[in-house]
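**Student:** Below is a structure I'd like to ask you about.
The values are calculated or read from the model by the stated rules, or taken from the named source; none is laboratory data. None of these values were measured; they are calculated from a predicted model. Note that each Cβ is placed from the backbone with ideal geometry, even for glycine, and that neighbours are counted across all protein chains shown.
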There are 2 protein chains.
Amino acid sequence: MRDLKLFRRTNCFFSVVLFSAGALAAAPEQSPPAGVFSKRNPDHQQNIATEAAVRVLEDDPDFNAGKGSVFTSGGTNETDAAIMDGKTLAAGAVASLKHIKNPISLARLVMEKSGHVMMDSEGAEAFAKENGIELVNQKYFFTQKRWDALQKIKAAEKNRTSGAEKEFLITDQDRHGTVGAVALDQSGNLAAATSTGGTTNKRPGRVGDTPVIGAGTYANNATCAVSATGDGEYFIRATVGRDVSALIEYRGMSLKDAAQAALDKVAKLGGTGGLIAIDGQGNVTLPFNTAGMYRGYVDPNGKFVIEIYR
Amino acid sequence: MRDLKLFRRTNCFFSVVLFSAGALAAAPEQSPPAGVFSKRNPDHQQNIATEAAVRVLEDDPDFNAGKGSVFTSGGTNETDAAIMDGKTLAAGAVASLKHIKNPISLARLVMEKSGHVMMDSEGAEAFAKENGIELVNQKYFFTQKRWDALQKIKAAEKNRTSGAEKEFLITDQDRHGTVGAVALDQSGNLAAATSTGGTTNKRPGRVGDTPVIGAGTYANNATCAVSATGDGEYFIRATVGRDVSALIEYRGMSLKDAAQAALDKVAKLGGTGGLIAIDGQGNVTLPFNTAGMYRGYVDPNGKFVIEIYR
């Protein structure tokens, strides 16, 4: 990762923005944040924040989303993304995209212009094209690191089924690494955005928790905004995003306790991962049950914090 | 609809099975239920029940699922389905299928054999083929009634945008009509299954609430099983299935009150529809905010009840 220039301190009109990027290879340079929030659009600031943060991560080949997406078992790259507006509960989600450079921007377009919430595959890409989004070739998504991870996982699988004893070290970052952002703006509006290439060696057509509203992505001004990363199947089954929200709304739990409780249920089912969450008071929590989760936040004073391990 | 032979009284080992089929044209003949539950498989009885009930409805051209699916704006038929096992929280979901006769059976196969929870489009169909499921031609899904509904809705749209004054009567059944089933077996296990062609004139690639676990389909032995029908976009945004469950689990609400509260939130967002739900004690509720919802249930005594309007 070359730089992570997400936030301009001098023009920071978001109270708090959190972002995460699953498991990570490189430590980020904490360079002076650059202005991705150049337009002072008075509406939907929190959506702009999350989309912009996720776009930067999608364009970075070191993250498993957009450019750096992992490979399916069929050697293709297929991406999922979603965005949700906590003020209106409007949401946009896209799945199984093969030719979209910035899936998060298509998710936002689906939210704002399709009349639908979720679109997938060729239909979603046709909608993108209709709206002037350029389609890219599958070659755009090729990175040697992700290709090697696929070969390693396939070799480990073959090794396992043949009963051979060779050992393979498969790291979290070989397997997955969704990126996400949650934000609270100065008016108290929450938003969440998530984008991913899914899990290495997934079957073509597999959809993870990222575009499942209420699982990997959820925002509701009444409670919190959540973006999750990890073994998507478990996060869907545990409806993680909505569960964090429900525990706050119906049980009166704190954000931190609710997020931990929801993640504990994922672990109980057998899944690993983490999430980032923020509530309307600006409380943030970034729990994970893996070795590390690359995560960071910008607080109301512009303080920029980045962490990887515990 | 020619007959609705879902349940054999003499071999009824399910405590309660509910089913619904959105808005309906014809009243069902309450003929003696025939045996779709011929195999006494001791495991996953509740999943067999819901899958079997939904399969019958998918094969009936009068319902908007499988054979009778509505048309997209592109003149194609694209189906979604999901099944969830309340005991294990295992789930299977499929979206944007074009060549699968019984989407609910593919959803179950995804749950049991794919290692994933959700699969869509060509990838899902390739997985079906690998597992010996025969693909059908798009022509299989042609029904004159659904084609006419698409033409009527397109004409109404054109009329509206051109400012003409001609009036069109677009009924609920022209627009949608998902089918679903929820079941409780004698061991207290819950399951939910839902299948749909979506909404008439939807964009190709649009995915509704049906395959979104926690929205149109949800089951959890700790609380309830839910299957929803209606304006899918609103049901996703309101995370309806999980909300019913959360209101029971975290607020201690009754099934009936929780289902009504969740549906009220859909209405507040501007959506219409209904749901069927059952809890572990065998309580059932079938609220809807449309003119009617075709619905029925079989109680522990084999009593077979069918209703359409309020």
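**Student:** Within the range B:31-85, how many residues are in a loop (DSSP other than H, G, I, E, B), more than 12 Å from the chain's Cα centre (by Cα), hydrophobic (A, V, I, L, M, F, W, C) and modelled with pLDDT of 75 or more?
**Tutor:** Here the count works out to 2.
**Student:** Across the range A:210-222, what is the number of residues that are more than 8 Å from chain B (Cβ to nearest Cβ) and either closer than 16 Å to A:P103 by Cβ or surrounded by fewer than 24 Cβ atoms within 10 Å (Cβ to Cβ) (or both)?
**Tutor:** Selection size over the range A:210-222: 6.
**Student:** Answer with yes or no whether A:L106 is within 12 Å of chain B (Cβ to nearest Cβ), of a type in the set (A, V, I, L, M, F, W, C) and part of a helix (DSSP H, G or I).
**Tutor:** Spelling it out, A:L106 is indeed within 12 Å of chain B (Cβ to nearest Cβ), of a type in the set (A, V, I, L, M, F, W, C) and part of a helix (DSSP H, G or I).
**Student:** Just to be sure before I move on: is B:S195 buried (at least 24 other Cβ atoms within 10 Å of the Cβ) and within 17 Å of B:Q260 (Cβ to Cβ) in the structure I sent?
**Tutor:** no
**Student:** Here is a list of conditions, (1) surrounded by 14 or more Cβ atoms within 10 Å (Cβ to Cβ); (2) in contact with a strand residue (DSSP E or B) (Cβ under 6 Å, 6 or more places away or on another chain), and B:E307 meets all of them except one; can you say which number that is?
**Tutor:** So B:E307 meets the others, but not (1).
**Student:** Scan the range A:232-256 residue by residue and report those that are of a type in the set (A, V, I, L, M) and under 13 Å from B:R242 (Cβ atoms).
**Tutor:** Residues satisfying the conditions are A:I236, A:A238, A:V240, A:V244, A:A246, A:L247.
**Student:** Across the range A:257-310, what is the total count of residues that are part of a strand (DSSP E or B) and either under 16 Å from A:V244 (Cβ atoms) or touching a residue at least 12 places away in the same chain (Cβ under 8 Å) (or both)?
**Tutor:** The number of residues fulfilling the criteria is 17.
**Student:** Under the condition of being touching a helix residue (DSSP H, G or I) at 6+ places or on another chain (Cβ under 8 Å) and buried (at least 16 other Cβ atoms within 10 Å of the Cβ), which residue from the range B:276-288 is modelled with the lowest pLDDT?
**Tutor:** Restricting to residues being touching a helix residue (DSSP H, G or I) at 6+ places or on another chain (Cβ under 8 Å) and buried (at least 16 other Cβ atoms within 10 Å of the Cβ), the top hit is B:F288.
**Student:** Moving on. Take the residues of the range A:290-302 that are touching a strand residue (DSSP E or B) at 6+ places or on another chain (Cβ under 7 Å) and not aliphatic (A, V, I, L, M): which is surrounded by the fewest Cβ atoms within 10 Å (Cβ to Cβ)?
**Tutor:** Taking the candidates together, the pick is A:P300.
**Student:** Scan the range B:235-275 for residues that are surrounded by fewer than 24 Cβ atoms within 10 Å (Cβ to Cβ) and of a type in the set (S, T, Y) and jot them down.
**Tutor:** B:Y250, B:S254, B:T272
**Student:** So A:T10 fits all but one of (1) in a helix (DSSP H, G or I); (2) modelled with pLDDT of 50 or more; (3) surrounded by fewer than 18 Cβ atoms within 10 Å (Cβ to Cβ); what number is the exception?
**Tutor:** It is condition (2) that A:T10 fails.
**Student:** Scan the range B:50-67 for residues that are surrounded by fewer than 24 Cβ atoms within 10 Å (Cβ to Cβ) and touching a Gly at 6+ places or on another chain (Cβ under 7 Å) and jot them down.
**Tutor:** Passing the criteria: B:D59, B:D60, B:P61, B:D62.
**Student:** Next up: So which of B:V240, B:V244 ends up being more than 16 Å from the chain's Cα centre (by Cα), closer than 26 Å to A:H116 by Cβ and at pLDDT 80 or above?
**Tutor:** Matching residue, one of B:V240, B:V244: B:V244.
**Student:** Among (1) farther than 27 Å from A:G216 by Cβ; (2) among the charged types (D, E, K, R); (3) touching a Lys or Arg at 6+ places or on another chain (Cβ under 8 Å), where does B:K256 come up short?
**Tutor:** It is condition (3) that B:K256 fails.
**Student:** Then there is this: Are any residues in the range A:118-142 buried (at least 17 other Cβ atoms within 10 Å of the Cβ) and away from chain B (no Cβ under 12 Å), and if so, which ones?
**Tutor:** A:I133, A:F141 - these are the residues of the range A:118-142 that are buried (at least 17 other Cβ atoms within 10 Å of the Cβ) and away from chain B (no Cβ under 12 Å).
**Student:** Assess whether A:R203 counts as being at negative phi, facing chain B (nearest Cβ under 7 Å), in contact (Cβ under 8 Å) with a residue 60 or more places away in the chain and of a type in the set (D, E, K, R).
**Tutor:** So A:R203 passes the test.
**Student:** For the range B:232-254, give me each residue that is facing chain A (nearest Cβ under 9 Å), assigned to a helix (DSSP H, G or I) and aliphatic (A, V, I, L, M).
**Tutor:** Passing the criteria: B:I236, B:A246, B:L247.
**Student:** Among the residues of the range A:73-93, is there at least one that is hydroxyl-bearing (S, T, Y), at the interface with another protein chain (Cβ under 10 Å from one of its Cβ atoms) and crowded, with 19+ Cβ neighbours inside 10 Å?
**Tutor:** Within the range A:73-93 (the criterion being hydroxyl-bearing (S, T, Y), at the interface with another protein chain (Cβ under 10 Å from one of its Cβ atoms) and crowded, with 19+ Cβ neighbours inside 10 Å), the answer is no, since none of the residues qualifies.
**Student:** What number of residues within the range B:87-100 are assigned to a loop (DSSP other than H, G, I, E, B) and in contact with a helix residue (DSSP H, G or I) (Cβ under 7 Å, 6 or more places away or on another chain)?
**Tutor:** Residues meeting the conditions: 4.
**Student:** Can you tell me which residue is nearest to B:R251 (Cα to Cα) among those in the range A:235-255 that are of a type in the set (K, R) and in contact with a Phe, Trp or Tyr (Cβ under 8 Å, 6 or more places away or on another chain)?
**Tutor:** Here the answer is A:R251.
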